[in-house]
1. Which sequence of Thr220, Thr26 reflects their accessible areas, 1.4 Å probe, from the largest down?
2. Relative contact order of the chain: what whole-number percent is it, with Cα pairs under 8 angstrom and at least 6 residues apart?
3. I'd like the per residue volume of the convex hull spanned by the Cα atoms of the range 239-385, given in cubic angstrom.
4. Ignoring ligands, DNA and RNA, what percent of the accessible area of the range 20-97 is carbon or sulfur (1.4 Å)?
5. If R0 is 41 Å, what FRET efficiency do you get for Ser233 and Leu203 from their C-beta distance, rounded to 0.05?
6. Quick check for me: using +1 on Lys/Arg Cβ and -1 on Asp/Glu Cβ, what's the dipole size of the chain about its Cα centre, in debye to the nearest 20?
7. Which length gain, in nm to one decimal place, applies between Ala262 and Arg179 when the Cα-Cα distance is subtracted from 0.36 nm times their residue separation?
8. If one computes P(r) from the Cα atoms of the range 36-77, what percent of pairs lie at distances over 14 Å?
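The values are calculated or read from the model by the stated rules, or taken from the named source; none is laboratory data. Here the structure is a predicted model, which is why all the values come from computation and not from measurement. Cβ placement follows ideal geometry from the backbone for every residue including glycine, while neighbour counts extend to all protein chains displayed. The protein model used for the area step is the full one, side chains on, heavy atoms only, and it has no ligands, DNA or RNA in it. Shrake-Rupley method; radii C 1.70, N 1.55, O 1.52, S 1.80 Å.
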Amino acid sequence: MNNYRVLTLVNILAMVAIGISSPLLTLYLQGLGADFALISVILTSTIIVMLVGSYGWGWLADRLGRRKPLYVAGLAGVAIGYWWLSAANDVSHAWPARLLDGLSMAAVSTLGLALMGDTLDASAQRGRRMGLTRGLGSGAFAVGALMGGRLADAFGLSFIYIVCGAFFLAAMMAALFVREVRAVPAPVDPAGGSRKTGAGLPLLFLAGVGLWTMAHVASTSMWPNYMATFGYSKTAISSLWSLAAMIEFPAMYITGALSDVAGRAVMLAAGGFGIALVQIGYMLLAQSLPLLLGVQVLRGFGFGSYTASSMTFAAEFGGQQHRGSRSGLFNAAGSAGQLAGSMLGGNLVQVAGFPALFAVCSTIAVASAICFLVLGRRGSAAMAEHAALP
């Protein structure tokens, strides 16, 4: 089994576990005695650990010249974190388990992306193949979300974290078959210019990632509460969420393939404008279920276009030597946006209401699209300059 298939399998196993656990985490913490304020603190501290850990793991992998041992260790750490969480009797035991999970997931996401970048370095269809892998992950998440509630109802909330640990243990075992890949020179960067050899990613790209993630997280954090104001049942709300997740699968494959032709920056910008339109749709169309279904389909394509293209950009920018650090920077920028979005969502609704939240999120998403468009223009200019050299 080649690296691409192994890494795709690991991603599927991990995303099933995340789908099982994520929708029920706050309920589990509440059952252990945490109030809403403490739950927010626990979630925020986990994001901060992921932010710092993402770059740290990438930097360490580049210094060691190895990714696989740290990747396997990260998968093992997540499994241990889930089992620790399942055995927690109170919040004082659950909190450090969440911090271990955050630190370990930073390794999994950063080094998994770097390994996939190494694997696809010589491929002319990097966007298509990255989109397929990430799209399968979204499908796995949706399956896990459907499993989680049923398992919790049948066996209790603590049991689902035992199951999640088992999925990550299986992912760790699969990752043992990954082989380190030697660097393959690739002369052109995804924005269209000459490849850079330093450890950084373009600031415009990182700004766009942070802004897009901030808009998406701020909106989705309050979206279930907003839907409830229109009288949608919990079943309807979860079904609408699942619809968007299922659309992400084909969307990531399609938009990833398009990014191979049109360029990463174009599809990144499409993801920004798409999510901006989704926010407007929530403001104007949420009372009509048929129209809301259309908005959720658009959300799936907006999310897919951004996600597949951003992961491919981060993985392919430059050569192999600094790919770990670049992947870490990408994930750190996403974590920073996630932190800002989670803080913005509830506070803005509390002060100004739901329409104001979606209006602000739409503006932020447009700002991210502008960053990506400018990035693409600069990349095209650099490519023209490079072609003019004797």
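1. Result, largest first: Thr26, Thr220.
2. Computed over the chain, the figure is 28 percent.
3. 120
4. Answer for the range 20-97 is 70 percent, counting heavy atoms of protein chains only.
5. The value I calculate is 0.40.
6. The calculation lands at about 720 debye.
7. Here the answer is 26.7 nm.
8. The answer is 59 percent, as a whole percent.
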